[in-house]
Amino acid sequence: MTPSVPAGGCCVGLYELPVVSFLLGPSFHPGGLETTSRLAQAALVAPGVRVLDVAAGRGTTAFHLAERFGAVVTGLDASDRHVEAANATARARGLDDRVHFVPGRAGRLPFGAACFDAVVCECALCTFDDPDVALAEMARVLVPGGRAAISDVVLRAPLPPDLQDALARALCIANALDEAGYASALTRAGFTAIATTPHDEAVLATIDRIERRLGALEALGAVPGDATLLSTPRARATLASARAFVRSGGAGYASFVGRRPRR
């Protein structure tokens, strides 16, 4: 469910694995580009707007923001492999004049102050080593009045013990916060006018898609046998637990948009 290798966090390297990329799909987060579009609209992304995509992965979100909304996008990711691949894709698609990618971590953004109009971060904040520091950095690089648009899995009940393995971390369930936790983190970073929008309908669809893709890998005999990561029985058990937890109302998905004050 996460859009990328988190720019500094518990899952660095996990999303580089081809099997994980295949299971999660190109967007790595619930709702795909439809959710990305809603986030972009809430962040007032428009032609010429300078956007920082934190935890950009292979660039799916960044390319969408450039092609559909006309934004000028910088993608940041902790994976050198993803940065290299995303820049190659930008060149191949003729977008390298408006989209580029750099290596870096969310807790120490390699940019000066007030150089972006908007920051987006999809389904990755909960995996960062220190979300408060990451949000403070996002506020620092935003112009006054700029918006940070965050989406992530949200918890509404205590997390079951069987949803704390590697796949649960890849699904962004294992380290998720509740809605109040994300909103409070944005407030601590200095953001105001924080709006929350639920997107719960996308979570079960994502779990179903992952299970179908796991079945396809099984049929090909291509599922890795490492029981510490993605063995078939372990993955199926995690997906079943995640589905039951979401259906019970224990978890969902939401976006949070905050504005840096004009002062």
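All of the numbers you see were taken from the coordinates with simple rules; none came from a lab. Note that this is a predicted model, so its numbers are computed, not measured. Using ideal geometry, Cβ is built from the backbone for each residue, glycine included, and neighbour counts are taken over all protein chains shown.
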In this structure, the FRET efficiency calculated for residue 132 and residue 219 from their beta-carbon separation, with R0 = 51 Å, to the nearest 0.05, is 0.70
With a Förster radius of 22 Å, plug the Cβ-Cβ distance of residue 156 and residue 193 into 1/(1 + (r/R0)^6) and report the FRET value to the nearest 0.05.
-> 0.40
Expressed as a whole percent, how much of the Cα-Cα distance distribution for the range 14-259 exceeds 27 Å?
-> 33
Theoretical FRET efficiency, 1/(1+(r/R0)^6), r = Cβ-Cβ of residue 240 and residue 263, R0 51 Å, to 0.05 = 0.55
If you place +1 on the Cβ of every Lys and Arg and -1 on the Cβ of every Asp and Glu, how big does the dipole about the Cα centre of the range 107-224 come out, in debye to the nearest 20?
-> 300
